[in-house]
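In what follows, a structure is listed as structure tokens, so that the remarks can point back to it.
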Amino acid sequence: MSIEFLMDIVIILLSTKLFGLLAKRFQMPQVVGALLAGLIIGPALLGLVHSSDFLSKLSKLGVLLLMFTAGLETDLDELKKSGKASFIIAIAGVVVPLVGGLAVAGFFNNDGKPFSGDLQTLLQNIFIGIVLTATSVSITVETLQEMGKLKTPSGTAILGAAIIDDILGIVLLTIVTSVSNPSVDIKVVLFKIAAFFVVSAVVGVLFYRGFNKLSSITQDKKDLSIFALIFCFTMSFGAEHFFGVADITGAYIAGLVLSKTKEAHSTMATVETISTTFLSPMFFANIGIGTVITGMNTKMVIFTALLLVVAILSKVVGCNLGARACGYSKEESLQIGTGMISRGEVALIVANIGVSMNLMKEEYFAPLILVVIVTTIITPILLKVVYADKKESEKDAILETA
């Protein structure tokens with residue numbers, strides 16, 4: 001058996017740490033450094049590390065633990081309060097990018113006439129919009145955790161809206177694929193999604209009670225973390241395998257279930273150590289390592305630029321309006337809109353499905369990868385700006401003028 005993978009791990013851990021410290025030096029979230037490290041050591045630049053099944057699986061574990069710890073850290077009472085608001089924000093954050101992506105794709109795909117043409121062309125345009133509706137909450141979660149802002153009202157709203165956002169994206173994806181592929185039954189998919197939340201509620205209550213009882217009789221609290229991880233991975237597997245819901249949603253719900261248990265803090269400490277020191281760097285670096293851009297001509301460069309502008313503004317404007325309608329302040333609404341910008345792995349998965357089902361032309365895949373990468377990198381930077389403490393900002397301004 002080859003042991004080359006060990007050097008891949010060494011390069012990834014070393015580069016993400018160094019670039020993370022460099023990012024911190026410039027007062028940026030360390031996740032920005034990890035993402036840039038992946039781009040630099042990957043095929044896009046130096047080619048020191050290449051995508052592999054091993055790295056993909058480590059990356060998957062990384063994002064699952066990241067969402068699990070986000071669930072553990074979430075204030076469940078605050079989440080309940082923001083439930084209705086999160087739904088409205090998610091709706092706005094889906095509709096605006098969907099229309100924007102459809103318009104841009106239609107302009108390039110149909111001679112400047114976005115909403116005309118045959119059914120297949122219209123479905124292709126709609127699919128580009130669906131890709132833009134996706135939100136990669138993992139990037140935002142890592143950044144907010146690092147800044148200590150995850151438990152704020154806006155941070156909780158972002159989490160709730162992003163989870164609902166993914167569900168709405170699955171529904172839209174299913175509708176489009178069902179129109180183009182008669183074998184897909186939209187009613188079955190919607191039933192599975194509803195069933196997932198019902199089953200999760202029942203299983204969650206049972207596990208919550210069992211976990212609390214176990215914690216009262218267990219001597220070594222580290223043993224509880226093993227059961228917590230078993231629950232996390234079981235929920236993740238069940239969500240995607242049986243119900244067609246994203247595995248990260250299952251991991252997040254598992255964290256929510258355990259967030260109110262007696263040993264939530266000790267479980268959080270143990271799991272977070274594994275996540276932050278090893279698996280999370282693998283996930284963030286793997287995004288950059290998997291980036292390979294080919295086949296870009298002038299038309300596609302223009303398309304990419306327009307799509308990127310729409311991708312950013314549609315989330316900021318859409319979610320901002322939704323948040324304002326729900327009573328959030330201007331500052332909080334901007335924070336929520338900014339937190340929803342990143343597309344990440346969710347958009348890539350949807351795009352891959354589109355290419356495999358001929359719902360998206362292959363020439364549009366590279367522009368979408370660029371949109372994903374840019375939005376993923378700029379989101380932590382923009383979050384740092386919109387969450388900047390006013391007193392700190394005024395202090396910095398005085399120092400600069402002095």
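Structure summary
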read-out: The chain, accessible surface, carbon-and-sulfur percent (1.4 angstrom probe); value: 67
read-out: Volume in Å³ per residue [convex hull over Cα atoms, computed for the chain]; value: 166
read-out: Hull shadow area, averaged, the stretch 104-256 [alpha-carbon convex hull, nm²]; value: 11.9
read-out: Whole-Hz couplings from phi, Karplus 6.51/-1.76/1.60, listed for the stretch 207-217; x for Gly and Pro; value: 5, 4, 5, x, 5, 5, 5, 5, 5, 7, 10
read-out: Net charge of Cβ neighbours under 13 Å - reference L98; Lys, Arg +1; Asp, Glu -1; value: 0
read-out: Net charge of Cβ neighbours under 12 Å - reference I336; Lys, Arg +1; Asp, Glu -1; value: +1
read-out: More than 28 angstrom apart: percent of Cα pairs within the stretch 21-176; value: 40
read-out: Shape of the stretch 255-391, Cα gyration tensor, a/c cut at 1.5; value: oblate
read-out: Top of A254, A305, A134 by mean-square fluctuation, Gaussian network on the chain, Cα under 10 Å; value: A305
read-out: Whole-number D in µm² s⁻¹ for the stretch 186-309, Kirkwood Cα-pair radius fed into Stokes-Einstein, 10 °C, 1.306 mPa s; value: 92
read-out: Solvent-accessible heavy-atom area per residue, rounded to whole Å², over the stretch 114-244 at 1.4 Å; value: 46
read-out: Lysines whose Cα lies under 21 Å from that of K57, excluding same-chain neighbours fewer than 8 positions away; value: K17
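The values are calculated or read from the model by the stated rules, or taken from the named source; none is laboratory data. Everything quoted here is computed from the prediction, not taken from an experiment. FYI the Cβ positions are ideal-geometry reconstructions off the backbone, even for glycines, and counts take in every protein chain you see. Only protein heavy atoms, including side chains, enter the accessible area calculation; ligands, DNA and RNA are left aside. Shrake-Rupley method; radii C 1.70, N 1.55, O 1.52, S 1.80 Å.
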